[in-house]
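Reviewing the structure listed below.
The values are calculated or read from the model by the stated rules, or taken from the named source; none is laboratory data. Quick caveat: nothing in here was measured; it's all calculated off a predicted structure. We place every Cβ from the backbone using ideal geometry, glycine too, and count neighbours over all the protein chains shown. Quick note on the areas: whole protein, heavy atoms, side chains included, nothing else; ligands and nucleic acids left out. Shrake-Rupley method; radii C 1.70, N 1.55, O 1.52, S 1.80 Å.
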Amino acid sequence: MAAPGLAAAASPAEFAAIASDAALWDLLPCAAYTCNANGAILRYNKKAADIWGREPELGDPAEGYCGSYRPCAPDGRLLSRQDGPVAQAIRDGQSSRDVEVVFEQPSGRLIHAKMNIDPIRDDRGKIIGAINCFQDVTARKQAERRLERRESLLQAVVETTPECITIVARDGSLLHVNHAGLGMIEADDFGDVEGSPASQFIAPEHRAHWSALHEKVCKGDRLTWEFDLVGLRGGRRRMETHAAPLRLPDGSVAALAITHDITTRRQGEEAVRESESRLRELLEALPNAIYTTDAQGLVTFYNQAAIEMFGRRPELGSDEWLRSWKLYRTDGSFLPYDESSMALSLQEKRPIRGEEAIGERPDGSRVHFVPYPTPLVDARGKLVGAVNMLVDLSDRKKAEDYAQRLAAIVEFSDDAIVSKNTHGVIQTWNKGAARLFGYAAEEAIGQPVSMLIPPERQDEEPAILERIRLGERIDHYETVRIRKDGTLVDISLTVSPLKDASGKVVGASKIARDITERRRQEERRQLLVNELNHRVKNTLATVQSIASQAFRNEGHDTNFSQFERRLVALSTAHDVLTRENWEGADLKELVTRTLSPLCPQAERVDASGPWIRVRPKLALSLSMALHELATNAAKYGSLSNQQGRIKIEWRMFETESEGRFGLRWEEMGGPPVEAPKRKGFGSRLLERALSSELDATVRLAFPPTGVVYEIEAPFRG
């Protein structure tokens with residue numbers, strides 16, 4: 001673009017006159033300069049000098065075609081002035097638009113600029129010079145590079161995640177599938193499936209349902225559902241997808257879906273159901289009475305033998321049939337149900353063995369029996385119920401048969417069940433143990449159980465044996481054991497003492513459960529939490545960077561300094577919460593971490609109160625308030641001299657309706673304090689924002705001895 005009043009064709013005199021008009025040049029809205037046909041600079045405005053970082057001497061041949069310290073190509077290579085775009089325009093007589101160049105200022109800083117160059121001709125058409133109007137685009141180029149880096153990082157995350165990530169247009173066509181997804185649909189390259197209908201990979205019986213839910217997602221819903229995926233080569237998988245709407249650059253809406261393969265999980269669940277069915281069939285076939293209860297003692301299962309022993313058919317979910325079955329001790333005294341072996345097993349979470357009893361049926365007949373109640377726990381060790389087998393002692397032979405069948409249950413258990421004597425020598429070894437540890441029964445029985453313990457954990461077994469000799473039960477002890485092939489396996493171990501008829505401990509039974517998959521899931525969950533925490537901290541850093549750029553041209557700005565300090569306080573609280581996986585923060589640590597940057601002398605802060613773990617929302621708000629108070633104290637209050645101190649106290653107390661939390665900040669020993677004549681942002685934060693954010697009662701006072709701040713808020717843990 002030509003300068004105002006500078007015609008494309010002008011006489012040399014006119015060109016020189018216009019080029020010398022300083023007022024005209026300073027009115028231009030962009031950086032501009034003009035040179036003659038030999039490249040000597042005739043005029044430039046202040047905006048050009050600011051971008052160059054210098055003021056070149058007019059007419060100096062060494063400054064030919066460009067007034068920068070050193071001109072460079074967009075890739076950073078140094079250019080001779082004769083090779084620059086202005087010299088090129090003078091040589092070929094062609095105008096150039098939006099030419100990207102790089103200037104190096106004397107300070108070494110590189111400036112990216114875009115040039116618009118026009119050659120100037122005299123009235124005979126001869127080129128007598130050129131004019132260059134340009135602008136600084138450094139900030140935009142830096143933003144573009146940052147955006148490219150973020151997009152590259154996001155692309156790397158998407159392409160390396162083991163989950164299938166897809167973007168499906170509203171019409172059902174595939175817009176993107178990551179590397180993991182291509183493997184699941186058995187495609188070698190995205191180009192093979194780009195634009196094809198996603199429904200071709202959905203099992204026919206699931207397509208209608210999938211399409212209906214996909215349409216709901218495109219209308220704004222966030223949904224999770226399951227379906228069967230069929231690959232290009234016919235492979236079939238069970239998938240679970242989490243889909244959310246995604247606005248595309250062209251304004252249209254698509255569905256972003258993260259889908260993972262749950263085939264193995266569903267197969268495992270089916271195997272568990274089949275195992276439970278087989279176990280139920282086995283229990284039904286046993287001639288001894290067996291029933292199960294939930295954690296409260298309500299009946300959940302019973303077999304036909306239990307009906308025959310109790311003399312009536314119970315109602316599931318009720319324990320009345322047990323209470324109506326009168327119990328007696330072997331000496332004939334009445335035995336309340338709450339003192340029965342089954343009730344004690346649930347209460348104490350341990351198997352009860354060897355306690356005989358007598359039951360009276362509704363028709364008055366009695367049966368002498370031995371119960372074998374055993375608590376049932378889930379994979380986390382939580383009590384979920386109990387199983388009880390009742391052995392009728394009226395026929396000892398029948399009792400032996402029952403014991404054999406109970407051994408069969410143990411043998412067919414998926415868990416490793418092992419017994420050992422008090423010296424740690426293996427006595428019994430079921431099939432579950434053979435599957436878990438790789439040793440056949442004949443290889444294991446008679447060997448020390450320490451052969452399953454890794455060298456670095458050999459000290460565990462003596463401690464376990466000592467507790468067993470004392471009759472203690474070890475519940476769900478998580479540890480590591482070593483298989484026959486030398487590989488390690490994570491297990492949950494339950495150890496119970498075995499006693500003889502006289503009550504003497506003669507050994508122990510061990511139940512080992514493989515928890516490898518559970519550990520992997522926990523590690524995967526922790527990885528996602530850590531990734532989320534990392535992204536939140538990156539977001540805080542991004543906010544700080546954006547704010548810094550926004551305030552860059554404002555000089556030293558108090559508002560920005562306050563904003564940056566509050567952002568630092570928020571980041572400090574986030575650090576404490578991150579270490580605790582965002583489950584809460586230790587209040588004492590939060591106070592110390594927030595005040596230490598402003599008051600490194602710990603003896604000047606007296607912080608006291610009970611141990612309290614505050615919820616994330618309260619932790620963030622308190623850190624902002626404490627940082628604001630400490631900043632004011634360092635400027636005007638008790639931290640502005642060498643004698644001042646701060647006293648911080650907190651407490652918990654109850655009201656009729658809820659538990660509440662109170663904190664008091666008191667300054668002392670500083671300069672005399674006066675109430676501010678006007679309230680700034682800090683005061684509004686302390687009084688109004690926290691009151692609204694936490695539903696709290698706050699008080700900010702300015703006695704001469706020092707600032708006093710009190711806050712009282714509901715405490716929800």
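Could you tell me how many of the residues in the range 46-89 are assigned to a loop (DSSP other than H, G, I, E, B) and of a type in the set (S, T, N, Q)?
Total meeting the criteria: 2.
Tell me which of these V272 doesn't satisfy, since it passes every other one: (1) outside any strand (DSSP E or B); (2) in contact with a Ser or Thr (Cβ under 7 Å, 6 or more places away or on another chain).
Answer for V272: the failing condition is (2).
Out of the range 200-219, which residues are under 21 Å from S252 (Cα atoms) and open to solvent by 40 Å² or more (accessible area, probe 1.4 Å)?
Result: S211, A212, E215, K216, K219.
Only one residue in E564, E603, E589 is at negative phi, at pLDDT below 75 and not hydrophobic (A, V, I, L, M, F, W, C), so which one is that?
E564
For the structure I just gave you, tell me whether S333 is hydroxyl-bearing (S, T, Y) and either open to solvent by 60 Å² or more (accessible area, probe 1.4 Å) or modelled with pLDDT under 85 (or both).
no
Can you confirm whether the range 346-363 contains a residue that is free of Cβ contacts under 8 Å to residues at least 12 places away in the same chain, within 49 Å of the chain's Cα centre (by Cα), over 30 Å from D514 (Cβ atoms) and not in a loop (DSSP other than H, G, I, E, B)?
No, every residue in the range 346-363 fails to be free of Cβ contacts under 8 Å to residues at least 12 places away in the same chain, within 49 Å of the chain's Cα centre (by Cα), over 30 Å from D514 (Cβ atoms) and not in a loop (DSSP other than H, G, I, E, B).
Do the conditions hold for A305, that is, is it free of Cβ contacts under 8 Å to residues at least 40 places away in the same chain, open to solvent by less than 20 Å² (accessible area, probe 1.4 Å) and part of a strand (DSSP E or B)?
no
Please find, within the range 286-302, the residue that is most open to solvent (accessible area, probe 1.4 Å) out of those that are without any contact (Cβ under 8 Å) to a residue 24 or more places away in the chain and within 22 Å of D392 (Cα to Cα).
Across the range 286-302, the extreme among qualifying residues is Y302.
Take the residues in the range 697-717 that are farther than 27 Å from R604 by Cα and out of contact with any strand residue (DSSP E or B) (no Cβ under 7 Å at 6 or more places or on another chain); name whichever of them is modelled with the lowest pLDDT.
Across the range 697-717, the extreme among qualifying residues is G717.
Condition check: of a type in the set (G, A, S), part of a strand (DSSP E or B) and within 27 Å of R604 (Cβ to Cβ). Does G670 satisfy that?
The answer is no for G670.
Among the residues of the range 622-651, write down those that are open to solvent by less than 30 Å² (accessible area, probe 1.4 Å), farther than 13 Å from Y709 by Cβ and either assigned to a loop (DSSP other than H, G, I, E, B) or at pLDDT 90 or above (or both).
L639, G644 - these are the residues of the range 622-651 that are open to solvent by less than 30 Å² (accessible area, probe 1.4 Å), farther than 13 Å from Y709 by Cβ and either assigned to a loop (DSSP other than H, G, I, E, B) or at pLDDT 90 or above (or both).
Given (1) in contact with a strand residue (DSSP E or B) (Cβ under 9 Å, 6 or more places away or on another chain); (2) farther than 24 Å from V377 by Cα; (3) surrounded by fewer than 17 Cβ atoms within 10 Å (Cβ to Cβ); (4) at pLDDT below 85, where does R312 come up short, assuming only one miss?
(1)
Within the range 431-478, which helices (runs of 4 or more DSSP H) (wholly inside it) include 3 or more residues that are free of Cβ contacts under 8 Å to residues at least 60 places away in the same chain and open to solvent by 60 Å² or more (accessible area, probe 1.4 Å)?
Passing ranges, in order: 460-469.
What tally of residues in the range 148-172 results from selecting those that are within 18 Å of L213 (Cβ to Cβ), open to solvent by less than 40 Å² (accessible area, probe 1.4 Å) and either in contact with a helix residue (DSSP H, G or I) (Cβ under 7 Å, 6 or more places away or on another chain) or in a loop (DSSP other than H, G, I, E, B) (or both)?
The qualifying residues number 5.
Run down V387, V377, V367 and say which single residue is touching a residue at least 40 places away in the same chain (Cβ under 8 Å), touching a Gly at 6+ places or on another chain (Cβ under 8 Å) and open to solvent by less than 50 Å² (accessible area, probe 1.4 Å).
One residue alone meets the criteria, V367.
Going by the conditions given, is G191 of a type outside the set (V, I, T) and over 30 Å from R237 (Cα atoms)?
no
Within the group I482, I511, which residue is among the β-branched types (V, I, T), closer than 18 Å to K382 by Cβ and either at pLDDT below 80 or open to solvent by less than 80 Å² (accessible area, probe 1.4 Å) (or both)?
Sole residue among the options that is among the β-branched types (V, I, T), closer than 18 Å to K382 by Cβ and either at pLDDT below 80 or open to solvent by less than 80 Å² (accessible area, probe 1.4 Å) (or both): I511.
Among (1) more than 13 Å from A713 (Cα to Cα); (2) not charged (D, E, K, R); (3) not in a loop (DSSP other than H, G, I, E, B), where does A619 come up short?
The one condition A619 does not meet is (1).
Could you check the range 479-524 and list, in sequence order, the residues that are part of a helix (DSSP H, G or I) and free of Cβ contacts under 8 Å to residues at least 12 places away in the same chain?
Selection gives E517, R520, Q521, E522, E523, R524.
Just one of (1) in a loop (DSSP other than H, G, I, E, B); (2) open to solvent by less than 60 Å² (accessible area, probe 1.4 Å) trips up H423, so point out which.
In the conditions (1) in a loop (DSSP other than H, G, I, E, B); (2) open to solvent by less than 60 Å² (accessible area, probe 1.4 Å), H423 misses (2) alone.
Which residues, counting only those in the range 673-696, are without any contact (Cβ under 8 Å) to a residue 60 or more places away in the chain, surrounded by 13 or more Cβ atoms within 10 Å (Cβ to Cβ) and in contact with a strand residue (DSSP E or B) (Cβ under 8 Å, 6 or more places away or on another chain)?
Passing the criteria: V673, S683, E687, S691, A696.
Which of the residues belonging to the range 71-86 are loosely packed, with under 11 Cβ neighbours inside 10 Å and among the acidic types (D, E)?
D75
Condition first: closer than 22 Å to C66 by Cα and in a helix (DSSP H, G or I). Can you find one or more residues in the range 129-140 that meet it?
yes
Condition first: within 18 Å of I258 (Cα to Cα), open to solvent by less than 40 Å² (accessible area, probe 1.4 Å) and not hydrophobic (A, V, I, L, M, F, W, C). Now tell me which residues in the range 173-198 satisfy that.
Selection gives S173, N178, G181, E186.
Every residue in the range 226-241 that is loosely packed, with under 15 Cβ neighbours inside 10 Å and either among the β-branched types (V, I, T) or assigned to a strand (DSSP E or B) (or both), please.
E226, R236
On the given criteria, is D122 surrounded by fewer than 16 Cβ atoms within 10 Å (Cβ to Cβ) and either over 21 Å from A49 (Cβ atoms) or within 40 Å of the chain's Cα centre (by Cα) (or both)?
No; evaluated as a whole, the condition is false for this residue.
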